[in-house]
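J.: Quick one: this structure, given as C-alpha cells, is what I'll be asking you about.
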Amino acid sequence: MADKQKRNAAGRMIPDMINGQPVIPFMGVGKYRPQGRKHASGISTCIDYPDDGNKQVSGLKEALVKAGLRDGMTISTHHHFREGDLVANMVFDCASELGIKNLCWFPSASFSCHAYLLKYLDDGTISHIEGSMNGPLGRYCSEGRMKKTAVLRSHGGRFQAIQDGDVKIDIAVIGAGCADPFGNANGLNGPSASGSLGFAVGDAQYADRVIVVTDNMVPFPCIPWQIQGNYVDFTVKVDRVGIPEKIVSGTTQITRSPDRLLIADLTARFCEAAGIIHEGFSFQAGAGGTALSVGNYFGEIMRKKGLRARFARGGSNKYLVEMLEEGLVEYILDGQTFDLEGVRSIRENPDHVMTSPFSSYNYHGKGNFASMLDVVILGATEVDLNFNANVVTHSDGYLLHGIGGWQNCLFGRNVILPVPLFRDRIPVIRDEVTTLCGPGELVDVVITERGIAINPRRTDLIGKTKDSGLPLKKIEQLKEEAEAICGVPRKPEFTDKIVAAIKWVDGTVIDVVRQVKR
Amino acid sequence: MIHTAGNNGEGVRSDCHISLTPDSGQGISISIHSKVKWMYGGSIEMLCRDMFHFYGIEKAVLEIDDSGALPFTLAARIEAVIRKHLDTTLEYLLPVLPQNIYQTAPDTERISRLYLPGNNPKLMINAGIYGCHGIILDLEDSVHPGKKYEARFLVRNALRSVDFYGAERMVRINQLPEGLKDLDFVIPHQVNLILIPKCDSPEQVALVDAKITEILGEKNTSVWLMPIIENAAGVMRAFEIARASENVVAMAIGLEDYTADLGVQRTVAGKESFFARSMVINAARAAGIQPIDSVFSDIDDMETLAERVRESKSLGFAGMGCIHPRQIAVINENFLPDESEIDRARKITLAYEKAEKEGLGVVAADSKLIDMPVVNRALKTIEKAVKSGRLNINWRETNGR
C-alpha cells in the first residue's frame, strides 16, 4: 500500500507505489512515451531438451515442479475455455498440494468458474490477481480481502505489460484443445476445441517457462501451430482441460429483449445515417446480446444497399460466420471464438483468421488493428457527462467485470456505446463515473432507448445526423430523464484502502478502485 | 393478520414484495431488503414513513423485498397492503407528470395498441418507447384473480407517473359488474380510453358510460370507450353496441374467446371468424367508429403476423392489438399505406386539386372518372403517409418522396 498519492491527468488520485512497484500515472491519451528495450526470456539451448522432441511429463504437478514453481512467482493462464476452464483451477490445486504460497495469478480473464480459487486467496496460495475480476472474485477484491492490490489490464495492455517487462511471467500454463508432445498447439480440434488461442501467444514468447496442457495429444506435428513448440518447456496430457458445453456457451444469442433490440436498431440506423456503413468498411461488435443484434442489423443494411465490409474483428460467432459465408464480410480477424460455428469456420475458412492481442490491440507496437476499425460497438456499466466510461465496477462500487479489449477498441474511428438509460433503477449516465476506464475524448456516441448523445467533439457526426430524424439529445438531457424516472441515487462509500489499479493501454495507471464500505 | 402485495423471487425485476404486520410490537419498524438499498434505501424508507403518517398508522412491521421498483410501484404496493388492513378509500397519490395530462381525439390513430399485464410494473416503464399508438394497462385476463386488487393501485399510479410518450392511455377493465369498481381507481387519473371486455349488449356500454360520467362529475374531459366483442351474441348486436354511446370511438374483436364460444379452433387462416370480423368491421364503419382486429399470439412469428396484418387491413380493420413490443413495428408498417397506394393517392389528389382549381364538377385520373368517396380515401391516405414519414410533406414539389 502506498503512502503518497498524486492526481493523474484524468484527475484521479493515484498512489505512487502499487505492490512495491513504482506507478506511472496516466498522462493523457497518447502522451506517455515508453523508453528502453523489450523484455525477453533467458536464452535456451537444445542441450536441455530431448532430441526426439518429446517434452511430455506425467502430469501437471510434475511439470510445475520441473518448471521450478516456488513462492511468490507469477503464473499465467488463459480464458479460451471461458466458463468451462479447468486449467487454472488445476494449476493452483497443484501449487496448494506443494505448499507454495504468495503466487500472483495472471490470467487473460477470469470467469465465475474461477470462484473455486477463492479458497486459495484465503489460504495465501494466491496473493493477488493481475487480470480481470469477474463475479465472486470481484466481490472478494472489492471487500478488501485480497492480500495485495489487484491490477486490471485490457487485452492489449496485458500484452504490453508482458512485452515491456512490467509483468514477468515465471510460468505460463497454456491449455489447448490440441497439442503434440513437442508443444505445438492450437485450439481448433479435439473435444475442448475453443478456436483461436491468441491470448496465449505472447505468454509463450515471453514467459520464463511454458507448459502446454491438453486432453488431445496428437503425434508431432500438430497443425496448425498457433503456439510454437519451440517456446515450450513441458507438455502434459490430462483427462480434461475444459467442459465443452461451457467453453462454447449459449450466452452468445441475439437478444430478444425489446429494449435491447430497440437500442441495437437505433445504433445501426445511427451508423447508416452517419455514413459509417460504406463499401469496404470495418467493424467490431462484441459478444453481448445487444452487440450481436447490432451486427445483425448491419447485415440488413448492407444487404439492402449492396455493401460489403472489408473485415470484421471479433469475438466470432455463428452470426458473424453467416455474414462471412454470405459474402457480406470479406475477412474475420478473430481474437476469440465464441461458439462451435466460429470454431468450425476458423478451422475451415482461410478468410477467418486467427489474431492475437499483439496484432489487434498492443499499444506499444508499430500500430494495431483496433485503431483501423471504422466502428466499434462497446458496452459500459456507466458513462458520465464528459463521456468518460466505466466497464469494471458497477455503480455500487463493486468490481464485477474485466476490461477485455474494451480500452483498446476505444481507438476505433467511431466508438459507440449502446447502453440502457437505467438498469433496474440504477442509472447508467452519471455526473462522474465510479471508476474511470476510458477517457471521454475517445467515446463518440452513447445510444440509449430514450435518445442518442453525440460527444460535442464530434462535430462531423453531429452534422451528418442532424436531419436524420433520430432522437438526438444532449447527454445532460439523458441523465435528467434517467433521474426523473429513477430518482437521484446516492453514491457508494469507500474506505481509503486501494484494492485494485486500472491500467491504461500504455501501462500507466488511469484510476484505482477502493474498498467498498459495508 | 399479515397483508402482502407485489411480487418477488427469481426473474422479478423493477417490482417489490411488501408484507405488513399491523399492530405488532412498538411503533413502526421498516426493513428493506434491496439490491439498490445503498442508492435508494433512504428514500424508500422516507416514502414508507410518509405513507404511514398519511394513513395515521403508528404501529406496524413493514418488510420490503425490493428488486429495483420505481417509486410509483413502491407506493402502489404499500398502499395496497395498508388498504387491505384499513377500511378506507383514501388514496395516496404521487404527483401527476405534467406531460401525462392530455386528451385524445375520438378519431386519433389506433393502429397499434400494446397490452400490458396490469400487475407487472417492469413492462410498463419502457412501454412508450416503441412507437405504439395506444398502451393498454390490463386489469382483466392478464392479472391473476388473487392480484386484482393490488393491480388497480399499480395501474392507477402508472397512469399518473409513467411517461408513455404521447401514446393513448387505455385501461381494460374487468368484465362487468366487477369492472365498474375498476373505474373508481382509474377514471380520475389521466386515462383516455376504457376497453370493455366480453361486451355483448349496449346496456353494458351504457352502464360503464354512466359510471364514468358520475365519477368525472363537473370535469370537462372525455373518456372514450372501446367495447371488445368476444362472443356470438356480441357479434349479432355489434351495431347496437357501436352506437350505445357517443363516447364509443372504436370496437375490437377478441377471437380467442369468440372461437371458444363457437366451439371451434382458432386457425391462422381465420375462416371460422370471417363472419364475425366482417360484422364488427361493418357495424363499426356504419357507426362511424374504428374497427380493431384481435391480437396475434405467436410473438416469434413476424412473417405470419405481417400476413395477418395485411389481411386485416384489406378486410377494413383500422388497427390491431399487440401482446409484445416487437409486434408494434410490424403492425404499424403493414397497416400504413404502401407504395402503390401512395402513388395512386397522389395521382387522385393532384387530379382532384386540379379539378377544384378549374372549377370542374368531375375528377378524372388515368382517363377514369373518380367518385368522391375515392377522393376522400386518397386524401386520407396522403395524410397518413405524410404523418408517418412515408411521404415528404412537400411531395407536390418534390414529385414523390
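The values are calculated or read from the model by the stated rules, or taken from the named source; none is laboratory data. Only a predicted model underlies this, so the values are computations on that prediction, with no experimental measurement involved. All Cβ positions, glycine included, derive from the backbone under ideal geometry; neighbour counts span all protein chains shown.
J.: Would you check if there is a residue in region B:95-104 being closer than 11 Å to B:Cys48 by Cα and at pLDDT 95 or above?
T.: There is no residue in region B:95-104 that is closer than 11 Å to B:Cys48 by Cα and at pLDDT 95 or above.
J.: Kindly indicate the residue of region A:434-461 that is of a type in the set (Val, Ile, Thr), away from every other protein chain (no Cβ under 14 Å) and out of contact with any Gly (no Cβ under 9 Å at 6 or more places or on another chain) and also farthest from A:Asn390 (Cα to Cα) among those meeting that condition.
T.: Filtering first and then ranking leaves A:Thr459.
J.: Looking at region A:254-304 only, could you name the residues that are among the acidic types (Asp, Glu) and outside any helix (DSSP H, G or I)?
T.: Within region A:254-304, just A:Glu279 meets the criteria.
J.: Given the structure, is A:Ala200 assigned to a helix (DSSP H, G or I), out of contact with any helix residue (DSSP H, G or I) (no Cβ under 8 Å at 6 or more places or on another chain) and crowded, with 24+ Cβ neighbours inside 10 Å? Working first, answer last.
T.: Numbers: assigned to a helix (DSSP H, G or I): yes; out of contact with any helix residue (DSSP H, G or I) (no Cβ under 8 Å at 6 or more places or on another chain): yes; crowded, with 24+ Cβ neighbours inside 10 Å: yes.
For A:Ala200, the condition - assigned to a helix (DSSP H, G or I), out of contact with any helix residue (DSSP H, G or I) (no Cβ under 8 Å at 6 or more places or on another chain) and crowded, with 24+ Cβ neighbours inside 10 Å - is met.
J.: Turning to a different aspect of this structure: Can you say whether B:Tyr149 is more than 14 Å from chain A (Cβ to nearest Cβ) and either in contact (Cβ under 8 Å) with a residue 40 or more places away in the chain or among the charged types (D, E, K, R) (or both), as far as the supplied structure shows? If you could, list the steps in order and put the result at the bottom.
T.: Details: more than 14 Å from chain A (Cβ to nearest Cβ): yes; either in contact (Cβ under 8 Å) with a residue 40 or more places away in the chain or among the charged types (D, E, K, R) (or both): yes.
Judged against the criteria, B:Tyr149 is a match.
J.: Ok, one more. Do we have A:Arg413 as more than 12 Å from chain B (Cβ to nearest Cβ), in contact (Cβ under 8 Å) with a residue 40 or more places away in the chain and touching a Leu at 6+ places or on another chain (Cβ under 8 Å) here?
T.: yes
J.: May I ask you to verify whether B:Ala351 is away from chain A (no Cβ under 14 Å), small (Gly, Ala, Ser) and over 32 Å from the mean Cα position of the chain (by Cα)?
T.: On the way: away from chain A (no Cβ under 14 Å): yes; small (Gly, Ala, Ser): yes; over 32 Å from the mean Cα position of the chain (by Cα): yes.
Yes: the conditions hold for B:Ala351.
J.: Can I ask one more? If you go through region A:394-419, how many residues are at pLDDT 95 or above, touching a strand residue (DSSP E or B) at 6+ places or on another chain (Cβ under 9 Å) and not hydrophobic (A, V, I, L, M, F, W, C)?
T.: 5
J.: Restricting to region A:419-433, count the residues that are without any contact (Cβ under 8 Å) to a residue 60 or more places away in the chain, within 14 Å of another protein chain (Cβ to nearest Cβ) and in contact with a Phe, Trp or Tyr (Cβ under 9 Å, 6 or more places away or on another chain).
T.: 1
J.: The conditions are (1) over 22 Å from A:Val419 (Cβ atoms); (2) crowded, with 16+ Cβ neighbours inside 10 Å, and A:Gly365 fails exactly one of them. Which is it?
T.: Against the list (1) over 22 Å from A:Val419 (Cβ atoms); (2) crowded, with 16+ Cβ neighbours inside 10 Å, A:Gly365 comes up short only on (2).
J.: Could you check, for region A:493-502, whether at least one of its residues is within 14 Å of chain B (Cβ to nearest Cβ) and either within 30 Å of A:Gly20 (Cβ to Cβ) or at pLDDT 95 or above (or both)?
T.: Checking region A:493-502: at least one residue is within 14 Å of chain B (Cβ to nearest Cβ) and either within 30 Å of A:Gly20 (Cβ to Cβ) or at pLDDT 95 or above (or both).
J.: Considering only residues that are assigned to a helix (DSSP H, G or I), hydrophobic (A, V, I, L, M, F, W, C) and crowded, with 23+ Cβ neighbours inside 10 Å, which ones fall in region B:284-328?
T.: Answer for region B:284-328, where residues must be assigned to a helix (DSSP H, G or I), hydrophobic (A, V, I, L, M, F, W, C) and crowded, with 23+ Cβ neighbours inside 10 Å: B:Ala284, B:Leu305, B:Val309.
J.: Specify which of the listed residues (A:Gly68, A:Gly53, A:Gly72) is free of Cβ contacts under 8 Å to residues at least 60 places away in the same chain, in a loop (DSSP other than H, G, I, E, B) and at positive phi.
T.: Unique residue meeting the criteria: A:Gly72.
J.: Check whether at least one residue in region A:102-121 is on the phi > 0 side of the Ramachandran plot, of a type in the set (Gly, Ala, Ser) and surrounded by fewer than 18 Cβ atoms within 10 Å (Cβ to Cβ), and report yes or no.
T.: no
J.: Find the residue count for region A:454-472, including only residues that are surrounded by fewer than 18 Cβ atoms within 10 Å (Cβ to Cβ) and either β-branched (Val, Ile, Thr) or in a helix (DSSP H, G or I) (or both).
T.: 5
J.: Also: Among the residues of region B:83-131, which ones are farther than 27 Å from B:His3 by Cα, in a loop (DSSP other than H, G, I, E, B) and away from every other protein chain (no Cβ under 14 Å)?
T.: Residues satisfying the conditions are B:Ile101, B:Tyr102, B:Gln103, B:Thr104, B:Ala105, B:Pro106, B:Asp107, B:Thr108, B:Glu109, B:Arg110, B:Ile111.
J.: Collect the residues in region A:289-306 that are over 13 Å from A:Ile416 (Cβ atoms) and under 20 Å from the mean Cα position of the chain (by Cα), keeping them in residue-number order. Before you say what the answer is, go through the steps one by one.
T.: Start the filter on region A:289-306 by keeping residues that are over 13 Å from A:Ile416 (Cβ atoms), which leaves A:289, A:292-293, A:296, A:299-306.
A:Gly289, A:Leu292, listed by residue number.
J.: Moving to a separate point now. Tell me yes or no: at least one residue of region B:235-249 is under 21 Å from B:Cys322 (Cβ atoms), in contact (Cβ under 8 Å) with a residue 40 or more places away in the chain and surrounded by 15 or more Cβ atoms within 10 Å (Cβ to Cβ).
T.: yes
J.: Could you list all residues from region B:59-77 that are in a strand (DSSP E or B) and either at pLDDT below 95 or not acidic (Asp, Glu) (or both)?
T.: Quick first cut of region B:59-77, residues in a strand (DSSP E or B) only: B:60-66.
If the condition is that a residue be in a strand (DSSP E or B) and either at pLDDT below 95 or not acidic (Asp, Glu) (or both), then B:Ala60, B:Val61, B:Leu62, B:Ile64 are the ones that fit.
J.: Here's something else I'd like to know. Which residues, taken from region B:13-43, are in a loop (DSSP other than H, G, I, E, B) and within 14 Å of chain A (Cβ to nearest Cβ)?
T.: Taking region B:13-43 as the starting set, the residues that turn out to be in a loop (DSSP other than H, G, I, E, B) are B:13-15, B:23-27, B:35-36.
Those that are in a loop (DSSP other than H, G, I, E, B) and within 14 Å of chain A (Cβ to nearest Cβ): B:Arg13, B:Ser14, B:Asp15, B:Lys35, B:Val36.
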